[in-house]
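*Asks:* What follows is a structure written as structure tokens; I'll ask about it next.
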Amino acid sequence: MTPQAKLRTISLSAALVLAFSVSQVSAWTGPTQAPPAGNTASPINTSLTSQVKAGGLWTASMGTDAGYCIGASCISAWPTSPWTLAGTDLYYNGGKVGIGTASPVATLDINGYARLAPQVAAPVTCDAAHKGSMAMTDDSRLCVCDGSSWKFDYNAVACSWGGSDTTPPTVALTAPANGATVSGTISVTASASDNVGVVGVQFKRDGVNLGTEDLTSPYSTSWNTTSVSNGSYTLTAVARDAAGNTTTSAARTVTVSNAPPVSPGSQTFSTPGTHSFTVPAYNTLTVQVWGGGGGGTGAYNEGTSGASSRFGATVIAEGGGNGGDPGDGYGGIASGGTTNTSGGNGSYTSGGNSPNGGAGGQQGKDGNSTGNAPGGGGGPLGEGVGQGGGGGAYSSRTYSAGQLSGSVTVVVGAGGNGDNASWNGSFMGGGDGANGRVYITWN
């Protein structure tokens, strides 16, 4: 082969050492110096003798069907690389790229971590062609191109470049008012602003987080004050911006005042005399009061009147009158309640009834003419002799929460005595009136 012949195949034995670089296509230059300092004597492709080429190896063209062999391994054509170099940009033309993994499952699969160098300015103009691009600002905040502008990845605040954001946000509580007394569930609210953007506001009660951080304006959280004891508490709000700057608002002090939990219940006072009632926690409380029934009249003497019952100083049910002969035995009169009903009058055949309470006693020489509780008047002797005692009055009132507190005086009126006369061993009197009663329920 002449020096101008095209090099097609380079076949070297295992002893051949190549010390050359293929840089471009050029014509063969004959040797001018003895090897290894100069060119290897031609021809280099016609012998199995080991040869050394110290200088560059140049060929005018490899040809479209050119191949090469190293030892017994040969290829018939130069392979086409999936990588393309265009200027300073390197492209991969197909498949997936794995870094740190031999089995990539994504277009770019990194088994490890990737580093984004901080940028003092936006690396490119954010437009539709660069939508989805990511960059790190010089204060280490990740920004994403949304197709029109660079935004922090976790909110819609515009990215800032060329200097860290050291300006803290401003924040102020707007509710409740300082010094307010609160109960139940209330809203705690605040206003906040920042030169770049507020990321969130965290409310605190006595320095402890109250709910979760609110990430959107208007900023608020709900506080169920029944979850804490009654007393004084300090509220604050902490605003945070994307650079991590924070500001705590001026504190506000509030007083929690919740009614204790309500347990429904009832209490009955039926023993004559004065008692004290301790007001429980309640939403509504209802009082029913009956006066004592009047005593019935017998053959010789009149009975005695029943005594009044009351709740506090206002809800009063008078006792029934004694059974006189003739014309007494009037029923008691009620006052002070939302419902006030007078007791029934006694008659020659029975004692007066107490409204919503006990019936009056019946006439009878056998002594079983006692009025029925609460408040029934005693029955007369009967057979046209004597008169029944009047029935005790009835008064009822319902109180709403907050109207009562502490303790309330309760008085239960005794029933009047009937004429317990007898003659020759036989009962000849009227029946006793029944005692009054005070019955209280709440829920």
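Readers should treat all values here as calculations from the given coordinates under stated rules, not as data from a laboratory. The structure presented is a predicted model; accordingly, all values stated were derived computationally and were not measured. Backbone-built Cβ (ideal geometry, glycine too); neighbour counts: all protein chains shown.
*Asks:* In a shell of Cβ-Cβ distance under 13 Å around Val438, excluding Val438 itself, what net charge do Lys and Arg (+1) and Asp and Glu (-1) give?
*Replies:* Local charge sum for Val438: +3.
*Asks:* Now for a different question. Under 11 Å from the Cβ of Gly292, count the other residues' Cβ atoms, weight Lys and Arg +1, Asp and Glu -1, and hand me the total.
*Replies:* Charge balance in the 11 Å sphere: -1.
*Asks:* Among the GluC sites (Glu not before Pro) within the range 280-388, which fall in a DSSP loop and have no more than 13 other Cβ atoms within 10 Å of their own Cβ?
*Replies:* Loop-located and lightly packed - Glu383.
*Asks:* Further question: Given a Förster distance of 35 angstrom, what is the FRET efficiency for Ser407 paired with Ser217, based on the Cβ-Cβ distance and rounded to 0.05?
*Replies:* Step by step, r from the Cβ atoms, then E = 0.10.
*Asks:* How long is the gain from Leu108 to Ser148 if the chain were fully straight, where each residue apart is worth 0.36 nm and the alpha carbon distance is subtracted?
*Replies:* 11.9 nm
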